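**Student:** Pasting a structure here, questions to come.
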Amino acid sequence: MRLLFLLFALVASAAHAGGVDRLKAFIAGAKTAQADFVQTVSDKNGRITQQASGQMAFARPGKFRWDYNAPYEQVIVGDGAKLWLYDVDLDQVTVKPLGDVIAGTPAALLAGDNAIEKYFSLKNAGESDGLEWLDATPKNRDTTFERIRMGFKGDALVQMELFDQFGQHTTLKLTHFVRNPSIAPSRFKFTPPKGADVIGE
């Protein structure tokens, strides 16, 4: 399930404050969001192994959608109860209980409930590259992620960096971010296409 570990990364808002305060303000105030994204994955030697782009949206708590458009089509939908991953090229759908998947992931950070510090240790990480950074370390060691960094500029999270247990470094850059847009509930529902191979249900 390529790129499944990338599920989610979003955007935050707050006045002049540290990264932790910005994240908490986002969780308290952003019920929905949408943005374009560009994703780059590098291996432990710094060699780029994957690049992708598309659009994302979420509605808290627990609903999100990522549409990968290039270089291949893939759809990831969290409907509040289940996670659906549709690989268009393979015509294959994978479905899992949502709670089992998002614990300790970026989804739990931003599209989950308000109990953020139950799942993560948060700390301000200073400023670099013109951004103000936050480090989030999952308390659940069963997760794929070792550390998640979020870089804020002004009132928005414009970059996220994910470090996994395999030495991979994923950078996610967000543009055209809209905070609290009106999003149709149907966007967070998924029905497997007729004839698709469904795994896990």
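**Student:** Do we find a residue being at pLDDT 75 or above, closer than 17 Å to THR191 by Cβ and hydrophobic (A, V, I, L, M, F, W, C) anywhere in the stretch 96-118?
**Tutor:** Among the residues of the stretch 96-118, at least one is at pLDDT 75 or above, closer than 17 Å to THR191 by Cβ and hydrophobic (A, V, I, L, M, F, W, C), which makes the answer yes.
**Student:** Taking the stretch 117-145 only, how many residues are assigned to a strand (DSSP E or B), touching a residue at least 24 places away in the same chain (Cβ under 8 Å) and open to solvent by 30 Å² or more (accessible area, probe 1.4 Å)?
**Tutor:** Count: 5.
**Student:** Same structure again: Residues being in a strand (DSSP E or B), in contact with a Lys or Arg (Cβ under 9 Å, 6 or more places away or on another chain) and either touching a residue at least 40 places away in the same chain (Cβ under 8 Å) or open to solvent by 30 Å² or more (accessible area, probe 1.4 Å) (or both): count how many of those fall in the stretch 146-163.
**Tutor:** 9
**Student:** Out of all the residues in the stretch 66-76, is one or more at pLDDT below 90, touching a Phe, Trp or Tyr at 6+ places or on another chain (Cβ under 9 Å) and not hydrophobic (A, V, I, L, M, F, W, C)?
**Tutor:** No, the stretch 66-76 has no match at all.
**Student:** Then there's this: If LYS44 satisfies all but one of (1) surrounded by 13 or more Cβ atoms within 10 Å (Cβ to Cβ); (2) over 22 Å from LYS96 (Cβ atoms); (3) of a type in the set (D, E, K, R), what's the number of the condition it fails?
**Tutor:** Tallying (1) surrounded by 13 or more Cβ atoms within 10 Å (Cβ to Cβ); (2) over 22 Å from LYS96 (Cβ atoms); (3) of a type in the set (D, E, K, R), LYS44 fails exactly one: (1).
**Student:** While we're on this one: Looking at this structure, is VAL178 touching a strand residue (DSSP E or B) at 6+ places or on another chain (Cβ under 9 Å), touching a residue at least 40 places away in the same chain (Cβ under 8 Å), under 30 Å from SER128 (Cβ atoms) and assigned to a strand (DSSP E or B)?
**Tutor:** yes
**Student:** What is the one condition in (1) under 21 Å from LYS173 (Cα atoms); (2) in contact with a helix residue (DSSP H, G or I) (Cβ under 8 Å, 6 or more places away or on another chain); (3) open to solvent by 10 Å² or more (accessible area, probe 1.4 Å) that LYS82 does not satisfy?
**Tutor:** Among (1) under 21 Å from LYS173 (Cα atoms); (2) in contact with a helix residue (DSSP H, G or I) (Cβ under 8 Å, 6 or more places away or on another chain); (3) open to solvent by 10 Å² or more (accessible area, probe 1.4 Å), the lone unmet condition for LYS82 is (1).
**Student:** So for the stretch 60-68 (the condition being open to solvent by less than 50 Å² (accessible area, probe 1.4 Å) and in contact with a Pro (Cβ under 8 Å, 6 or more places away or on another chain)), does at least one residue qualify? Before the answer, list the steps.
**Tutor:** Pass one, the stretch 60-68, residues open to solvent by less than 50 Å² (accessible area, probe 1.4 Å): 60, 62, 64-68.
Right, trim to in contact with a Pro (Cβ under 8 Å, 6 or more places away or on another chain) and you get none.
Looking through the stretch 60-68, none of the residues is open to solvent by less than 50 Å² (accessible area, probe 1.4 Å) and in contact with a Pro (Cβ under 8 Å, 6 or more places away or on another chain).
The values are calculated or read from the model by the stated rules, or taken from the named source; none is laboratory data. As the structure is a computational prediction, the values presented were derived from the model and not from experiment. Here Cβ is always computed from backbone atoms with ideal geometry, including for glycine, and neighbour counts include all displayed protein chains. Each accessible area value is taken on the protein alone, full model and side chains, heavy atoms only, with ligands, DNA and RNA left out. Shrake-Rupley method; radii C 1.70, N 1.55, O 1.52, S 1.80 Å.
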